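Asker: What follows is a structure written as structure tokens; I'll ask about it next.
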Amino acid sequence: MSVLSGVILLAALLIAITAIYCLLRSRNLIRIIIAVEVLMKAVTLLLVFAGYLANNVALTQAFVITMIVIEAVVAVVAVGLIINLQNKNNSLDARHLGYKQD
Amino acid sequence: MTASLTWMIILLALTVLALVYAIMVRPLLYSAIGLAAGSLFLTIILFMLNSAWAAVFELSVCAGLITVVFISAIMMTRVVDNDENQARNKEHRNRFLQLPIILAAVTVIGGTLIYLAGLPLMPETSVTAAGFKEFGEMLWQERTVDIIGQIIVILAGAFGVAVLFKKKKERDNR
């Protein structure tokens with residue numbers, strides 16, 4: 001353990017807390033997807049730092065690239081679904097899912 | 001304190017601030033821009049941690065493509081009127097009121113623990129250039145199962161988007 005490790009762990013924890021708080025409290029569907037993206041940033045930071053500590057950056061970079069690709073696909077599909085729901089319900093509120101708005 | 005550690009702390013602080021801003025700010029357009037700024041600072045951190053390829057992907061995909069996708073989605077969504085906007089502003093402020101307090105408490109406790117522990121400044125790693133040489137081999141030769149999974153996910157995403165737009169087109173025609 002070193003100061004750098006401590007600071008990176010603290011930053012990742014702060015980012016993860018922010019994202020989880022938003023996932024729990026927000027009702028806006030786009031903001032919920034943004035929170036998932038923010039949570040991914042914390043995971044990326046921790047993965048890369050783990051590779052740096054273990055001196056195996058090649059393996060962790062391969063995983064991070066896989067994660068980024070999947071993150072992009074998740075974001076695109078989620079946004080497509082949200083736009084469809086918005087056209088159907090005229091609302092971005094997660095509480096209105098499944099209910100037709102007048 | 002070494003210069004690289006100082007820069008790392010500054011960049012980490014900027015990343016956390018940008019991402020907290022992305023979550024807390026009310027207009028979704030500013031949220032998307034905050035997310036892009038967070039990705040940008042994270043890219044520099046990844047470069048400093050010797051992960052150049054991951055950094056390039058983070059910059060091009062997360063700060064570029066995903067931001068464009070979010071901004072497009074925000075442009076396609078409904079614009080609320082002034083009264084509704086003010087009511088939502090108040091609701092949003094109340095909802096995210098506790099977050100800065102929680103983050104400040106965690107920062108103070110974590111910072112105090114790091115300060116009191118009397119740790120060495122940098123971790124003891126022997127980082128070599130070998131990591132860069134092995135990356136291509138690792139990406140294309142060592143991975144098998146996850147590449148198949150990745151292909152399936154990309155195809156599922158492509159088909160998902162195609163189906164969504166097809167349904168929309170059919171509904172518009174009707």
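Derivation of every value follows stated rules applied to the coordinates shown; laboratory data play no part. A quick note: this is a predicted structure, and the numbers were derived from the prediction, not measured. Virtual Cβ from ideal backbone geometry, glycine too; neighbours counted across all protein chains shown.
Asker: Using all C-alpha to C-alpha distances in the protein assembly as shown, build P(r) with 5 Å bins and read off the rounded percent in each one.
Answerer: 1, 5, 11, 15, 16, 15, 13, 9, 7, 4, 2, 1, 0, 0
Asker: A further question on this structure: Give me the tail of P(r) for chain A as a percent: Cα-Cα pairs with distance above 17 Å.
Answerer: On the way: 3153 of 5151 pairs.
When all Cα pairs of chain A are counted, 61 percent exceed 17 Å.
Asker: Residues of segment B:16-44 with the amide nitrogen closer than 20 Å to a label point 7 Å from the Cα of A:Leu24, along Cα-to-Cβ, please.
Answerer: The answer is B:19-25, whose backbone nitrogens lie closer than 20 Å to the label point.
Asker: Sticking with this one: Taking +1 at the Cβ of each Lys and Arg and -1 at the Cβ of each Asp and Glu, which of B:Ala52, B:Ala105, B:His92 sits farthest along the dipole of chain B towards its positive end, judged by Cα position relative to the Cα centre?
Answerer: Farthest towards the positive end: B:His92.
Asker: Let me ask another. Based solely on its DSSP helices, what 222 nm [θ] is calculated for chain A when runs of n ≥ 4 H residues each add -39,500 (n - 2.57) and the sum is averaged over all residues, nearest 500 deg cm²/dmol?
Answerer: Using -39500 (n - 2.57) per qualifying helix, the result is -28500 deg cm²/dmol.
Asker: Continuing with the same structure: Given charges of +1 on the Cβ of Lys and Arg and -1 on the Cβ of Asp and Glu, with all other atoms neutral, how large is the dipole of segment B:11-118 about its Cα centre, in debye to the nearest 20?
Answerer: Working: 6 positive and 5 negative charges, 30 e Å.
The calculated dipole for segment B:11-118 is roughly 140 debye.
Asker: Arrange the following residues from fewest to most other Cβ atoms within 10 Å of their Cβ: A:Ile68, B:Ile101, B:Ile44.
Answerer: Values: A:Ile68 21, B:Ile101 9, B:Ile44 18.
If I rank by nearby Cβ atoms, fewest first, I get B:Ile101, B:Ile44, A:Ile68.
Asker: With N denoting the number of residues in segment B:26-71, provide Rg(C-alpha) divided by 2.2 N^0.38 Å, to two decimal places. Mind showing how you got there, number by number?
Answerer: Details: Rg = 11.0 Å, N = 46, 2.2 N^0.38 = 9.4 Å.
Relative to the 2.2 N^0.38 Å estimate, segment B:26-71 comes out at 1.17.
Asker: Would you mind working out the magnitude of the charge dipole of the protein assembly as shown relative to its Cα centre, with +1 at each Lys and Arg C-beta and -1 at each Asp and Glu C-beta, to the nearest 20 Debye? Walk me through the intermediate numbers first.
Answerer: Working: 21 positive and 16 negative charges, 223 e Å.
It comes to approximately 1060 debye.
Asker: Give me the number: length gained by fully extending B:Trp140 to B:Ile9, i.e. 0.36 nm times residue separation minus the C-alpha to C-alpha distance, one decimal in nm. Present the calculation step by step, with values, prior to reporting the outcome.
Answerer: Values: separation 131, 0.36 × 131 = 47.16 nm, distance 3.39 nm.
So the chain would gain 43.8 nm between B:Trp140 and B:Ile9.
Asker: May I pose another question? Give the dimensionless ratio obtained when the Cα radius of gyration of segment B:3-127 is divided by 2.2 N^0.38 Å. Mind showing how you got there, number by number?
Answerer: On the way: Rg = 18.3 Å, N = 125, 2.2 N^0.38 = 13.8 Å.
Expressed relative to 2.2 N^0.38 Å, the Cα Rg reads 1.33.
Asker: If you don't mind, another one. Among B:Thr6, B:Thr107, which comes first, second and so on when ranked by fewest other beta-carbon atoms within 10 Å? Present the calculation step by step, with values, prior to reporting the outcome.
Answerer: Working: B:Thr6 10, B:Thr107 16.
The order, fewest Cβ neighbours first, is B:Thr6, B:Thr107.
Asker: Tabulate in residue order the Karplus-calculated ³J(HN,Hα) for segment A:27-35, using 6.51 cos²θ - 1.76 cosθ + 1.60 with θ = phi - 60°, rounded to whole Hz; enter x for Gly and Pro.
Answerer: In residue order, the calculated couplings are 10, 7, 5, 5, 5, 5, 5, 4, 5 Hz.
Asker: Order by neighbour count: A:Tyr21, B:Tyr21, B:Tyr30, fewest other Cβ atoms within 10 Å first, most last. Before the final figure, lay out each step's value.
Answerer: Values: A:Tyr21 20, B:Tyr21 17, B:Tyr30 14.
Ranked by crowding around the Cβ, least crowded first: B:Tyr30, B:Tyr21, A:Tyr21.
Asker: Quick check for me: using +1 on Lys/Arg Cβ and -1 on Asp/Glu Cβ, what's the dipole size of chain A about its Cα centre, in debye to the nearest 20?
Answerer: On the way: 7 positive and 4 negative charges, 56 e Å.
About 280 debye.
Asker: Considering the options A:Gly51, A:Tyr21, A:Gln86, tell which one lies farthest towards the positive end of the dipole of chain A, charges being +1 on Lys and Arg and -1 on Asp and Glu at the Cβ, about the Cα centre.
Answerer: Farthest towards the positive pole: A:Gln86.
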